[in-house]
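J.: Structure in structure tokens, see below.
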Amino acid sequence: MSRLRTAGLSVIAVVLVLVSWPDAQGTTPASPLTIITREGRRPVPTTLLNGQEFIALDELASLFQLMVREDALVGGITVTYKGRTIVASADQAMASVNGRVVTLPAPVARVGRRLFVPIDFIPRALAPIYDSPIDLRRASRLLIVGTIRVARVVVHIDAAGPPTRATIEVTPALLVSPAFDAGRVLVRIEADALDAAPPPAAAGLIDQIRAGDQTTTVAIALNARAGTPRVSTTTSTESTRVSIEIPLAAQSQDTNATPVAPQATPPPAVPVPGEPVPPLLGGRTAKLQTMVIDAGHGGDDAGVRGRKGTLEKQITLDVARRLKALVETRLGVRVVMTRDDDRSVSPDERDAIANNSKADLFLSVHVNGAPAASVKGAEVYYLRLDRAGEEARRSAAATELVLPALGGATRPMDVIPWDLAQASHVVASSRFASMLEEELEKHAPMGPRPLQQAPMRVLSGANMPAALVEIAYLTDLEQEQGVQSADFQAGIAQAIYDAIVRFRTYLEASPTP
Ligand SMILES: [Zn+2]
């Protein structure tokens, strides 16, 4: 219960107390807030009142589809969202959020006809009742709504040199593509938005650093004396680090040099100690760019049914969604779901979705069932080929069809019989399956045969490494209860995520076909 007033006689007084500021205008902060959603971004005006930053309630109402009502009975304003309610006090720096009291830096304020709340109202009062995550990042002036990949970017100049050395730290670890063009190093970051720290001032051979959050690119403009930069990228579980080393141009050692013509010979390579120096253009070759997460069953096909009525199709979707969020936000890998609601999808359709999205990895999520009620634990499967499949695997390189192309030329094209598409990926699939087994073991009980091969329809048509996980036995009473818990699901998602990280490393270490 809140301490907000509810009683009769004080009502009029309370409404009058809605703070009226003497200047009745407020001042505008140096920069607006920028709201970022899946749909895009736009500035959101705020107002400074007595040194506090406020946002107009009508603005919030249209951004977040809120109903706002001045409420004399409760002495403040009532904000409603999908049946959930915030009551913000007019005379006290607090609000009641679905009955729970939260503090605010200031009460609701009135400027002219408009009502304003402190911007902390957004994380403290609105976020707890809102459907999507809301993240207010004060330092970077960003208001992030929804599950969006926002990359924190910090640029350092480590040595003015020459050679000038700089690093770009990107958190979390995301794909980056460095390029060198027209005297600038451009590092594109595969994120929806950048949360960029103010860049350091020019130094050494660097004239200017800009972190353009419109384009999710960091641009480093080089001095005319700079030679061809060397760029290397390293990725840890927490972050991606881009190291840039800029030498002096070979033919212009003097400081009064005029802009240098393109060089016939590149300057001598000065590798960054301890780090491999890949070619500048293209950067790290990302071999895991897209993955498909297949939530088993759906629609009319409920899958295994637990004794207390838990349906496999619901658990598989829950786990698939958790995994998708992890993989997208932490790895920057694009995730395609074969279904994201309760609908039936045939095995062929699931494979078609995977093959058409050019996915690099396919994972099917299931929950097992057994006639014996005591069988429990997780199991991992990859495809067992029958004899035709084994032949297809051996001759995978030979199944090439030469098609006539424009101008009388021919062009080779892979023809893989649909149901044997998996054949050429069985080795990589078995590696992925082992990694899954090893990681799952750390988080969940394992089944009687934790890793096995089986002729599974949904795996056979996938033209990419593919595996299937049965996360538990729904026919075991204890596991039926377990699979519904957020803890268990989060553990499974984490285990699968860890296996995907390992598999990505495996892919990148293996030679390109
Ligand atoms: Zn199943």
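J.: So if R0 is 45 Å, what FRET efficiency would residue 69 and residue 228 give, r being the distance between their Cβ atoms, rounded to the nearest 0.05?
T.: E(calc), rounded to 0.05, equals 0.10.
J.: Given 20 °C and 1.002 mPa s, compute D for segment 72-215 with the Stokes-Einstein relation, Rh being the Kirkwood radius over Cα pairs; round to the nearest whole µm²/s.
T.: Result for D is 116 µm²/s.
J.: Related question: Give, in whole angstrom and from largest to smallest, the semi-axes √(5λ) of the equivalent ellipsoid of segment 110-184, with λ running over the eigenvalues of the Cα gyration tensor.
T.: Computed over segment 110-184, the values are 38, 17, 11 Å.
J.: By average Cβ neighbour count within 10 Å, what is the ranking of 339-345, 222-228 from highest down?
T.: Sorting 339-345, 222-228 by mean packing, highest first, produces 222-228, 339-345.
J.: For segment 424-513, what does the convex hull of the Cα positions come to per residue, in cubic angstrom?
T.: So the per-residue Cα hull volume is 104 Å³.
J.: Continuing with this model, one more query. Within segment 288-326, which trypsin sites (Lys or Arg not before Pro) sit in a loop by DSSP and count at most 15 neighbouring Cβ atoms inside 10 Å?
T.: 307, 308
J.: If you don't mind, there's one more thing I want to ask. Which order do the peptides 139-148, 446-455 come out in when sorted by mean C-beta neighbours inside 10 angstrom, highest first?
T.: 139-148, 446-455
J.: Of the cross-linked pairs 313/376; 287/324; 358/442, which ones have a Cα-Cα span greater than 23 Å in the structure shown?
T.: Result: 358/442 exceed 23 Å.
J.: What does the charge dipole of segment 142-226 about its Cα centre add up to, to the nearest 20 debye, if the Cβ of each Lys and Arg holds +1 and the Cβ of each Asp and Glu holds -1?
T.: Using Cβ point charges on Lys, Arg, Asp and Glu, segment 142-226 gives about 160 debye.
J.: Between 461, 435, 483, whose Cα lies farthest towards the positive end of the dipole of segment 434-485 when Lys and Arg beta carbons carry +1 and Asp and Glu beta carbons carry -1, centred on the Cα centre?
T.: Of 461, 435, 483, it is 461.
J.: Just in segment 39-81: which GluC sites (Glu not before Pro) are loop by DSSP and have at most 16 other Cβ atoms within 10 Å?
T.: 39
J.: Same structure again: Provide, for q = 0.23, 0.32 Å⁻¹, the log10 of I(q)/I(0) from a solvent-free Debye sum over equal Cα point scatterers in segment 458-499.
T.: Normalising to I(0) and taking log10 leaves -0.83, -1.06.
A short reminder: the numbers here are calculations on the coordinates, not readings from a lab. Because the structure is predicted, anything quoted here is derived from the model rather than measured. Please note: Cβ atoms are built from the backbone with ideal geometry, for glycine as well, and neighbour counts cover all protein chains shown.
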